[in-house]
Amino acid sequence: MRYYHTESYIDKVKELSEAGFGDAGELALVGKGSYEIALLSAGGAIKAVESVVNGEVDNAYALTRPPGHHAEADKGMGFCLFNNVAIAAKYARNVLGLERVMILDWDVHHGNGTESAFYDDPNVLFISLHQERLYPAGRGKVEDVGKGDGIGRNVNIPLPAGTGNAGYLHALKEIVQPIADQFKPELIIISAGQDASLFDPLARMMVNAEGYRQMTKFAVELAEKHCNGKLVACHEGGYSAAYVPFCSLAIVEELSGIRTDVEDPFVEGFKELPYDELYDIQKDYVAKVKEVQSAYWDLAVKA
């Protein structure tokens, strides 16, 4: 925890957990045993990273709870107590000796805590795809590009409500691909939130299970290109109990290269939805990010 969180905040979570109730910050509720469970969650992310970096496995999916990407150094936020991905990335740098780590956060909410952890760090590239103007308020703006030595290493890609598979893949190919090619990460960590799904009650996006499969395929190919396949996905948000399992399974299948006979039971009933169509408004949002990020990366901005 101390790789990122303050001693006083860690103590606060422990005290609230022992008391059996409380809020560790903003919508970060703590109950009896939450401290121990949060330690295990962060530990799961660390172990996944360690196993991949040491070559024990090619890639890994850490199915951890509570999630972490909203947690700041001194407070919890949005159901997150300790920032699992930030802690694991710092472990990869400080203990495992990696020079360049890339974090791809596709949770539908902005990963504010992870952004804060590396905002001035030139060795960690943080890229967040999220629904614009969602939670947390005021975070995830295109112009928030980092500071000091970390300028350009923070990439926010806010997308309009209704963005589906095609819009997400467009952003990945137009922005994430060329930036990653220049950064050349030694490890990629995904903050894998499945709350951009078309059934999620806390957002208004339209990614389906096949969309998550394609996004994972993109990440796997990126990892194979730059870091010998070293890729870790850590579970973040996702609040449709009926649909998250199918999205998560698609991710795990793509990571493992094993296809099961489980099919998306909802795809037929919603096949008329335009989640595979790319709209001009989505292109415009991506073009705006490219315009800003072109000051720091070699990105061709199309007229």
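The values are calculated or read from the model by the stated rules, or taken from the named source; none is laboratory data. Owing to the predicted nature of the structure, the values given are computational and were not obtained by experimental measurement. Cβ coordinates were reconstructed from backbone atoms using ideal geometry, including for glycine residues, and neighbour counts include every protein chain displayed. Protein only, heavy atoms only, side chains kept; ligands, DNA and RNA dropped before computing areas. Shrake-Rupley method; radii C 1.70, N 1.55, O 1.52, S 1.80 Å.
For residues that are outside any loop (DSSP other than H, G, I, E, B) and under 18 Å from the mean Cα position of the chain (by Cα), tally how many sit in region 46-92.
Qualifying residue count for the region: 22.
Within the set of pairs 6+ apart or on separate chains, which have a first residue in region 118-145 that is buried (at least 18 other Cβ atoms within 10 Å of the Cβ) and at pLDDT 95 or above, a second that is among the charged types (D, E, K, R) and assigned to a strand (DSSP E or B), and C-beta atoms under 6 Å apart?
Partner pairs satisfying both residue conditions: Ser128/Asp105.
Please go through region 73-93 and pick out each residue that is open to solvent by 30 Å² or more (accessible area, probe 1.4 Å) and not charged (D, E, K, R).
Kept after step one, since they are open to solvent by 30 Å² or more (accessible area, probe 1.4 Å), are these residues of region 73-93: 74-75, 79, 90-91, 93.
Within region 73-93, Phe79, Tyr91 meet the criteria.
Return the pair list, or none, for Cβ contacts closer than 6 Å from residues in region 282-300 that are of a type in the set (Val, Ile, Thr) to residues that are outside any helix (DSSP H, G or I), at least 6 apart or on different chains.
From residues that are of a type in the set (Val, Ile, Thr), the pairs are Val289/Val142; Val289/Ile157; Val292/Val142.
Would you confirm whether or not region 182-198 contains a residue that is within 15 Å of the chain's Cα centre (by Cα), open to solvent by 40 Å² or more (accessible area, probe 1.4 Å) and at pLDDT 95 or above?
No, that holds for no residue.
Looking at this structure, is Gly229 at positive phi, touching a Cys at 6+ places or on another chain (Cβ under 8 Å), in a loop (DSSP other than H, G, I, E, B) and buried (at least 16 other Cβ atoms within 10 Å of the Cβ)?
no
Within region 11-45, can you find the residues that are open to solvent by less than 50 Å² (accessible area, probe 1.4 Å), more than 21 Å from Cys234 (Cα to Cα) and not in a loop (DSSP other than H, G, I, E, B)?
Scanning region 11-45 gives Val13, Leu16, Ser17, Gly25.
For region 165-176, indicate whether the set of residues that are in a loop (DSSP other than H, G, I, E, B), open to solvent by 30 Å² or more (accessible area, probe 1.4 Å) and in contact (Cβ under 8 Å) with a residue 24 or more places away in the chain is non-empty.
Within region 165-176 (the criterion being in a loop (DSSP other than H, G, I, E, B), open to solvent by 30 Å² or more (accessible area, probe 1.4 Å) and in contact (Cβ under 8 Å) with a residue 24 or more places away in the chain), the answer is no, since none of the residues qualifies.
Residue by residue through region 94-112, note down the ones that are farther than 23 Å from Thr216 by Cα and part of a helix (DSSP H, G or I).
Here is the first cut: in region 94-112, the ones farther than 23 Å from Thr216 by Cα are 94-97, 99.
The answer is Asn94, and nothing else.
(1) within 24 Å of Val145 (Cβ to Cβ); (2) of a type in the set (Ser, Thr, Tyr); (3) surrounded by 23 or more Cβ atoms within 10 Å (Cβ to Cβ): which one isn't true of Tyr212, the others all being true?
(1)
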